[in-house]
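Please treat every number below as a calculation from the coordinates, not as lab data. Owing to the predicted nature of the structure, the values given are computational and were not obtained by experimental measurement. Note: ideal-geometry Cβ built from the backbone for every residue, glycine included; neighbour counts use all protein chains shown.
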Amino acid sequence: MTAIDPTAHLTAEQIEELGRELDAIRDEVIASRGEKDAAYIRKVISAQRRLELVSRGVLLFSFFPPAWLLGTAGLSVAKIMDNMEIGHNVLHGQWDWMRDPKIHSTTWEWDHVSPSDQWKHSHNELHHTHTNVIGKDNDLGYGIMRVDEDQKWHPFHLGQPLWNFLNACFFEYGIAAYDLELGKNLHKRRRKNPEFRARAKAVGRKIRKQVLKDYVIHPLLSGPSFLTTLAATFTANLVRNIWSHSVIMCGHFPEGVQVFERRSIKGETRGQWYLRQMMGSANISGSRAMHFMTGNLSHQIEHHLFPDLPSNRYAEVAVKVRALFEKYELEYVTGPLPKQVFSAWHKVFRLSLPNKKPKVDAPDREQELVAA
Amino acid sequence: MTSATLRSGAWKLLEMITTPLLPSDYLDLVSPLRAGADLRGRIEAVHPETGDAATIVIRPGRGWRGHTAGQYVRIGVDVDGRRLWRAYSITSPTNRQDGRVTITVKAIPDGKVSNHLVRRAKPGTLVQLDQPTGDFVLPKAKPAKVLYLTAGSGITPVMGMLRDIEFDDVVMVHCAPQPQDVIFRNELHDLVAAEKLRLTEVHTDTDGVLDIARLDELVPDWAERETWACGPAGLLDAAEEFWSGHGVGERLHTERFRPGIVVAGDGGEVTFSATGKTVEADGATPLLDVGEEAGVLMPSGCRMGICFGCITPLKAGAVRDLRTGEITEAEPGVLIQTCVSAAAGPCDIER
Ligand code: FES
């Protein structure tokens, strides 16, 4: 909702043509999906499992500092792989085409306190359909932050750098709460809603299992290394949380990314939908290792255009997508991780303070934002 | 505490250690064929039989319960990264000492799995297995005289029988286009040389398709024989008519390979089997809309193919992906996104 619409120079025909060109890119990948891709995800899954196993094994001797370091580092990486390149992408249905019931969006469960099915609903359905639409996409600020100048400021927002930091440290819990729409559902009578209670129970079960595993059973198994193993798993979870929070912040928060009004998506065409994904996402540039560790969410723009294409193909898709950005004279927001993280945090700080009231051009906007 | 409760307690503890994965997810990495694992097999060798047929030697996992001669096994093979299931007759005898089993596969034109197995399968590859099944088997009591009537790859279950049990008086009539197309030809001729089998080969390229009435001349005592027949539908239809026409229908045992041909059309009759509704649908309306229109409770989400919130089992028939035009045919375990799929001929959606 910046003052200048960066897509204003495009005609309706151009937008539809853009949509067709993107469809063609998608079709090409779909037609060429095959053995290599399947081998890729199987290799990643098996590597993740081996790494986790070895790291946990090393942590049995974590009273010995080098073992602690090695085990903690390994476990952190394993957890990041589980959440990012594997969990997120499998749950998007990116690998459903393989028809392997073990690597399938309907059966996958990840090392995360939010149960897969709840996350799939809030993420795949709500966030990906309504990307960056204020009031519809709760990922924008996760309901606790102000992410756009046009949103009404409230003294609560003064604390948002702190909320954001805490959210980063305990990100998986933040996500679980968010998937439960806790803010909304703890109010009034909603708490008693049986559907909400069932979902809350499922989260409770998942939390219990994860906590038991990481903070009781594995430390106990380490015997004399109980405390050091406890510290190691806590650290690994912290590292994983901060890492995924950072990556995800880079996807939609850096400067240059657009947010949209609720009204703007009514009757959206395929081309317009694509355009919104293009303008509402940002990438992270870097090495192949960087792309891998972000679960290829460094290719956030491509992921938002084609959320169900296998993640290992985003890099090649990015080349073509970027060419389209150039052709249609649109800004492809990208940058190295530190720059993007800084940019996103900068925005969090900036918007924690009130800004001059923007010239509101629509009378109902204020209400819309309050309703959000 | 009994050892069973001890074991289940230990397993529970293991599950707590590996949550949200299962202990088996880790065990599969090192020992996919162990007892208690999902049933799989490892391809150990591929032996060409004819220009377009090959025998695949498989070491099944520990959970394999063994087969009866004549039975088939469903096998799940990853072809171009996608798991496809097909059924093949087992051609190895039941008493094979090394615990391996074999299937013999004939590559059919455009057959994804058969061509893959015959031409590209590599030793070392894991395949998924079901337990063997089928009632095209020999009886417990030995019949005095036996006739095997086969054509093409219809010889495969019968070969399993021939290798398994010796009978005193066995005749076989086998049809194939040319001599070099006869699968197991050398072995059959060895049996003939050892006087364990009387064989008539019908070469359809030169002799024409077998006229079932010729049996009178090829095997004059056919009506006294317990007969097992396997081959194309035309042959089996003719045989069934012939046998029952002579009042000896109960002597004939037939095996029909799954026809497996789904004709993909444009639109068709859609059955929502769980709800018990059937409606006519065109080839352009998403099945999600078709179902909702008919009052069926359909899961949904984004309605544009991105969230996978609408996936539903396709039990029969075929659907077309409205975005790519790709046809998906029903197979056990196949799920479709109803919001971007339309009927491509009659189909059955499990809702
Ligand atoms: S409803 Fe979202 S994929 Fe079908």
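Axis angle, to the nearest 10 degrees, between helix B:155-164 and the longest C-alpha principal axis of chain B: 70 degrees.
Averaging the sequence gap over all C-alpha pairs within less than 8 Å and six or more residues apart, then dividing by the number of residues, gives chain B a relative contact order of 11 percent. For the residues B:127, B:77, B:192, a GNM of chain B with alpha-carbon springs under 10 Å puts the largest fluctuation on B:192. The three principal axes of the Cα atoms in the stretch B:1-109 give end-to-end lengths of 58, 34, 19 Å, sorted in falling order.
Each of B:107, B:89, B:60 was placed along the dipole of the stretch B:36-136 (beta-carbon charges, centred on the mean Cα), and the one lying farthest toward the positive end is B:60. Within the same chain, lysines fewer than 8 places from residue A:320 are excluded, and of the rest, those with a Cα less than 26 Å from its Cα are A:36, A:339.
Selection among A:216, A:202, A:258 by position relative to the dipole of the stretch A:165-267 gives A:202 as farthest towards the positive end (Cβ unit charges, Cα centre). With a Förster radius of 22 Å applied to the C-beta separation of residue B:233 and residue B:213, the computed FRET efficiency comes to 0.75. Here the stretch A:166-239 is assigned +1 on the Cβ of each Lys and Arg and -1 on the Cβ of each Asp and Glu. Its dipole about the Cα centre then comes out at about 700 debye. Ordering B:281, B:248, B:332 by Cα displacement along the dipole of the stretch B:223-336 toward the positive end leaves B:332 in first place; charges were set at the Cβ atoms of Lys, Arg (+1) and Asp, Glu (-1). Note on the stretch B:161-312: the alpha carbon radius of gyration divided by the globular reference 2.2 N^0.38 Å gives 1.68.
Where in the stretch B:169-184 is the amide nitrogen less than 17 Å from a point lying 7 Å along the Cα-to-Cβ axis of residue B:193? From the stretch B:169-184, the list is B:184. Each helix, a run of at least 4 DSSP H residues, gives -39500 (n - 2.57); summed and divided by the residues of the protein assembly as shown, these come to -11500 deg cm²/dmol at 222 nm. The smallest convex shape that holds all Cα atoms of chain B, its convex hull, gives 205 Å³ per residue.
Computed over the protein assembly as shown, the Cα gyration tensor eigenvalues convert (square root of 5λ each) into semi-axes of 58, 32, 22 Å, ordered from largest to smallest. Please give the length that would be gained between residue B:112 and residue B:282 if that part of the chain were fully extended, namely 0.36 nm times their separation in residues minus their C-alpha to C-alpha distance (nm, one decimal). Answer, rounded to one decimal: 58.4 nm. Peptide packing: for A:297-304, A:345-352, the average count of neighbouring Cβ atoms within 10 Å per residue gives the ranking A:297-304, A:345-352, highest mean first.
About its Cα centre, the dipole of the protein assembly as shown is roughly 4000 debye, where the only charges are +1 on Lys and Arg Cβ and -1 on Asp and Glu Cβ. Hydrophobic long helices, here whole DSSP H runs in chain A with Kyte-Doolittle means of at least -0.5 and Cα atoms spread over 15 Å or more along the helix axis, are found at A:12-32, A:35-59, A:65-81, A:226-252, A:314-327, A:337-350. Working note: Karplus 6.51/-1.76/1.60 with θ = phi - 60° gives the stretch B:197-206 the couplings 8, 9, 10, 10, 9, 10, 9, 5, 4, 9 Hz, where Gly and Pro are set to x. Take each residue of peptide B:21-33, count the partner chain Cβ atoms within 10 Å of its Cβ, and average: the result is 2.
Normalised by 2.2 N^0.38 Å, where N is the number of residues, the alpha-carbon radius of gyration of chain A equals 1.02. Listed by chain and number, the lysines whose alpha-carbon sits under 23 Å from that of residue B:196, ignoring those within fewer than 8 places in the same chain, are B:140, B:142, B:145.
Going by alpha carbons, how many degrees (0 to 90, nearest 10) lie between the helix axis of B:233-245 and the longest principal axis of chain B? It is inclined by approximately 60 degrees.
Quick note on the stretch B:291-351: its Rg to Rh ratio, both from C-alpha atoms and Rh being the Kirkwood radius, is 0.92. Straightening the chain between residue B:122 and residue B:169 buys 13.0 nm, computed as 0.36 nm per residue apart minus the Cα-Cα spacing.
Largest first, the extents of the alpha carbon coordinates of the stretch A:211-302 on the three principal axes equal 62, 31, 21 Å.
Kirkwood radius and radius of gyration were both taken over the C-alpha atoms of the stretch B:213-257, and their ratio Rg/Rh is 0.93. Charged side chains reduced to their Cβ positions (Lys and Arg at +1, Asp and Glu at -1) give the stretch A:1-159 a dipole of some 1020 debye around its Cα centre. P(r) tail, the stretch B:77-179: Cα-Cα pairs separated by more than 22 Å, 41% of all pairs. Between residue B:6 and residue B:224, the contour length at 0.36 nm per residue exceeds the Cα-Cα span by 72.6 nm.
A Förster distance of 35 Å, applied to the separation of the beta-carbon atoms of residue A:201 and residue A:47, puts the FRET efficiency at 0.55.
Partners of residue B:12 within straight-line reach, counting lysines whose Cα lies under 19 Å from its Cα and excluding those fewer than 8 residues away in the same chain: A:206, A:209, A:213.
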